[in-house]
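The values are calculated or read from the model by the stated rules, or taken from the named source; none is laboratory data. No experiment lies behind these values; they were computed from the predicted model shown. Cβ atoms come from the backbone with ideal geometry, glycine included; neighbour counts cover every protein chain shown. Only protein heavy atoms, including side chains, enter the accessible area calculation; ligands, DNA and RNA are left aside. Shrake-Rupley method; radii C 1.70, N 1.55, O 1.52, S 1.80 Å.
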Amino acid sequence: MSNNDTLNRLTTLLVSHFGASEQRVSGTATFEELDFDSLALVELAMVAQKEFGVEVDEQEITPDQSVQDVAELIDARTVAA
Amino acid sequence: MTADHRRAAVLCGIGTWLPPRVVTNDDLAQQLDTSDEWIRSRTGIRERRVIDPGTSTSDLAVEAGARALKSAGGGNVDLVIVATTTPDHPCPSTAPEVASRLGLTGVPAFDLNAVCAGFVYSLATAVGHIVAGIASRVLVIGADTFTTVLNPHDRTTVAIFGDGAGAVVLRAGTADEPGALGPFDLGSDGTNAELLIVPAGGSRQRGSGQPLDPADVHFRMDGQPVFRNAVTRMSESAAKVLAQAGWRIEDVDRFACHQANARILTAVARTLEVPEERVVMNVDRVGNTVAASIPLVLADAAAAGDIVPGHRVLITSFGAGLGWGSTVITWPDIDLG
């Protein structure tokens, strides 16, 4: 379970940086549902790295993952670091 | 501010040439499993120019070079540099033929291959020649017919690249004049050579003793890591050159980024926090024209009145190699021909 702060910050980033619709972004929404293509996922990996200070490889975020999944990935990295 | 009378290279002419044949996304969709919507959403490209059989890189380079010389008010130059990855032949270089066809036989001329960063590398090379006193007026041409190395069945690369040429004339002047180029930031990373590559055609394949695999004569690209490297390298290089120039990001009136793909441009601009309206763009009409990209977008924006004299312009590029480079210029009052 990711902490709510990470999920909230990630959600804000998806709306402010990527222009995702606020109504559609939720923890359970997948990136495919949010219309993120392969290049958007690479950019998300880069932006997440900058925002959260953790290393995220472009292969690690896939279209079938949910926003919650990525928040958990970030949290796992933050704890490990 | 005190005047800076150090010798510098000053932009005094610009010219471009595109082959006349337009290939739209719908044209591509008739031959490949793709669509206008798919190409536009991933690249921002609507159409590109493609050479007809019988045309080569030198033909485009001569047309652009002649227009740049005319824009500079005619006269001779004492060096010709052609930035290209698609020369007319593996040997000799293309620049001597281009120079001769421009009436410049006898003038030193050579090619420079730094792929999509080739034009910025060539500008830096020309500046070096001028500042060192080796040359006083240089014609720099970026020309590529990259469609000649594409796999016609690869919908990704066929959608991205187009053919074209752009050229500038640099003259000896002083660092405080509008149009003075520099400083520069240049860099490379050969550990990622495989990300953008034409495997065959060079000594690695010819010296291998192995039969030629026809698939290896075409360009290959690994899109996701290229995207990440392009955005990271161009953002970092642009930031470095701004620091060297003593400019803040707010000082940048126009941002001319290598026209690789609209998504890369947008991501670089967001990273640098350059407002969208300051980013010049023509990738929608010409695609990625490799070494021709920077002079084409500068000339297009100047012709449209989007870049005007006095504008402080940040230029950055990135390509196979990997290689990247950035510079700055205060746009001079030049005849656009």
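A few remarks follow.
- Number of positions in the range A:4-19 that are open to solvent by 20 Å² or more (accessible area, probe 1.4 Å) and in contact with a Ser or Thr (Cβ under 9 Å, 6 or more places away or on another chain): 2
- Test for A:E22: is it more than 14 Å from chain B (Cβ to nearest Cβ), without any contact (Cβ under 8 Å) to a residue 24 or more places away in the chain, in contact with a Lys or Arg (Cβ under 8 Å, 6 or more places away or on another chain) and open to solvent by 70 Å² or more (accessible area, probe 1.4 Å): no
- Check on B:F227, more than 15 Å from the chain's Cα centre (by Cα) and either part of a strand (DSSP E or B) or not basic (K, R) (or both): yes
- Every residue from the range B:130-166 that is of a type in the set (A, V, I, L, M), within 30 Å of B:D26 (Cα to Cα) and in contact with an Asp or Glu (Cβ under 7 Å, 6 or more places away or on another chain): B:A165
- Any hit, the range B:3-20, residues being open to solvent by less than 40 Å² (accessible area, probe 1.4 Å), closer than 25 Å to B:A167 by Cα, touching an Asp or Glu at 6+ places or on another chain (Cβ under 6 Å) and touching a residue at least 12 places away in the same chain (Cβ under 8 Å): yes
- Of the residues making up the range B:256-273, just one is in a loop (DSSP other than H, G, I, E, B) and surrounded by fewer than 23 Cβ atoms within 10 Å (Cβ to Cβ), namely B:E273.
- Taking each residue of the range B:176-203 that is in the same structural domain as B:I14 (by TED's automatic domain parsing) and over 22 Å from B:C12 (Cα atoms) and looking for partners that are open to solvent by 40 Å² or more (accessible area, probe 1.4 Å) and of a type in the set (A, V, I, L, M) with beta-carbon atoms closer than 9 Å, six or more apart or interchain, yields nothing.
- B:D222 fulfils the conditions (1) touching a residue at least 60 places away in the same chain (Cβ under 8 Å); (2) open to solvent by 40 Å² or more (accessible area, probe 1.4 Å); (3) of a type in the set (D, E, K, R) except for a single criterion, (1).
- Annotation for the range B:230-250: no member residue is within 14 Å of chain A (Cβ to nearest Cβ), open to solvent by less than 30 Å² (accessible area, probe 1.4 Å) and not in a helix (DSSP H, G or I).
- Being assigned to a strand (DSSP E or B), farther than 25 Å from B:P309 by Cα and more than 14 Å from chain A (Cβ to nearest Cβ) holds for only one residue in B:G173, B:G209, B:G187, B:G201, and it is B:G187.
- Scanning the range B:303-316 for residues that are farther than 20 Å from B:G246 by Cα and either without any contact (Cβ under 8 Å) to a residue 40 or more places away in the chain or open to solvent by less than 10 Å² (accessible area, probe 1.4 Å) (or both) turns up B:A303, B:A304, B:G305, B:I307, B:V308.
- Residues that are surrounded by fewer than 18 Cβ atoms within 10 Å (Cβ to Cβ) and in contact (Cβ under 8 Å) with a residue 24 or more places away in the chain, drawn from the range A:39-71: A:E51, A:G53, A:V54, A:T62, A:P63, A:D64, A:Q65, A:S66
- Any hit, the range B:246-255, residues being at pLDDT 95 or above, touching a Leu at 6+ places or on another chain (Cβ under 9 Å) and within 24 Å of A:E58 (Cβ to Cβ): no
- Extreme residue, nearest to the other protein chains (Cβ to nearest Cβ), among residues of the range A:35-54 that are of a type in the set (D, E) and not in a helix (DSSP H, G or I): A:D37
- The set of residues from the range A:1-19 being modelled with pLDDT of 85 or more and either assigned to a helix (DSSP H, G or I) or away from chain B (no Cβ under 14 Å) (or both) comprises A:D5, A:T6, A:L7, A:N8, A:R9, A:L10, A:T11, A:T12, A:L13, A:L14, A:V15, A:S16.
- Some residue of the range B:90-106 being part of a strand (DSSP E or B), over 22 Å from B:H218 (Cα atoms) and either of a type in the set (A, V, I, L, M, F, W, C) or open to solvent by 40 Å² or more (accessible area, probe 1.4 Å) (or both): no
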